[in-house]
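One structure below.
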Amino acid sequence: YEIRLSLVGSEMCIRDSPLTKLINRRVLLRLAQRSNEGHQVYSLIMFDLDRFKRINDNHGHAVGDRVLVNVAKVIQEELRTTDIVARFGGEEFVAVLPNIELSDAKNIANRVALSISRQSITLDDDAELKSTSSVGVTQRRQGETLDETLKRADDLLYFAKNNGRDQVICDDDFSQAV
């Protein structure tokens, strides 16, 4: 990975790579932990690209990389500059939305997921390749650690994946569905 420096707030951060131009998991955890320590209200959205391994297997890693770049760009364009967006791993992205309530975060997540599904990349044979995402949305609870908030978002995301993919599942949906 090439190391890039960029200002996020007033802090110098290491970027994930030139590929997505997003911060990495480690930097996100450090920045989000500050919000946690300050007892700031924030919502957390976790995106995972559906069937991404199939894209890599069928079209190659170069095409997979183009999909990742495209999705990272869509997420950044749809969110505020004050939101923290990171490539969390592989085909997973996390957004921390300071001062956003759960109902607003769900609407934002639905808007981003729809934008992701509407984007496509053109393959060498001029075919269009589209992607969808499964999404978990939660809000930090009083007294909760960052790890607990992340775990809940991850559980919600996997509920979405295991129940049809290409959907947004929020805390209130999850409690009703289980």
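Observations
- Members of the range 47-68 found to be out of contact with any strand residue (DSSP E or B) (no Cβ under 8 Å at 6 or more places or on another chain) and open to solvent by less than 60 Å² (accessible area, probe 1.4 Å), listed by number: PHE52, ASN56, GLY60, GLY64
- Residue in the range 34-46 that is exposed (fewer than 13 other Cβ atoms within 10 Å of the Cβ) and closer than 23 Å to ASP126 by Cβ present: no
- Search result, residues across the range 71-99 that are more than 13 Å from the chain's Cα centre (by Cα) and open to solvent by 30 Å² or more (accessible area, probe 1.4 Å): ARG80, THR81, THR82, ASN99
- The range 42-67: number of residues that are touching a helix residue (DSSP H, G or I) at 6+ places or on another chain (Cβ under 9 Å) and in a loop (DSSP other than H, G, I, E, B): 1
For (1) of a type outside the set (Ser, Thr, Tyr); (2) without any contact (Cβ under 8 Å) to a residue 24 or more places away in the chain; (3) within 19 Å of TYR42 (Cβ to Cβ), each residue gets a yes or a no:
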residue: ARG66; (1), (2), (3): yes, no, no
residue: VAL69; (1), (2), (3): yes, no, no
residue: PHE88; (1), (2), (3): yes, no, yes
residue: ALA95; (1), (2), (3): yes, no, yes
residue: GLU101; (1), (2), (3): yes, no, yes
residue: GLN119; (1), (2), (3): yes, no, no
residue: THR122; (1), (2), (3): no, yes, no
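- Matching entry among ILE116, ILE84 (being modelled with pLDDT under 95, touching a helix residue (DSSP H, G or I) at 6+ places or on another chain (Cβ under 9 Å) and farther than 21 Å from ASP173 by Cα): ILE84
The values are calculated or read from the model by the stated rules, or taken from the named source; none is laboratory data. Source: prediction; values computed, not measured. In this analysis, Cβ positions are derived from the backbone assuming ideal geometry, glycine residues included, and neighbour counts consider all displayed protein chains. Heavy atoms of the whole protein, side chains included, go into the accessibility calculation; ligands, DNA and RNA do not. Shrake-Rupley method; radii C 1.70, N 1.55, O 1.52, S 1.80 Å.
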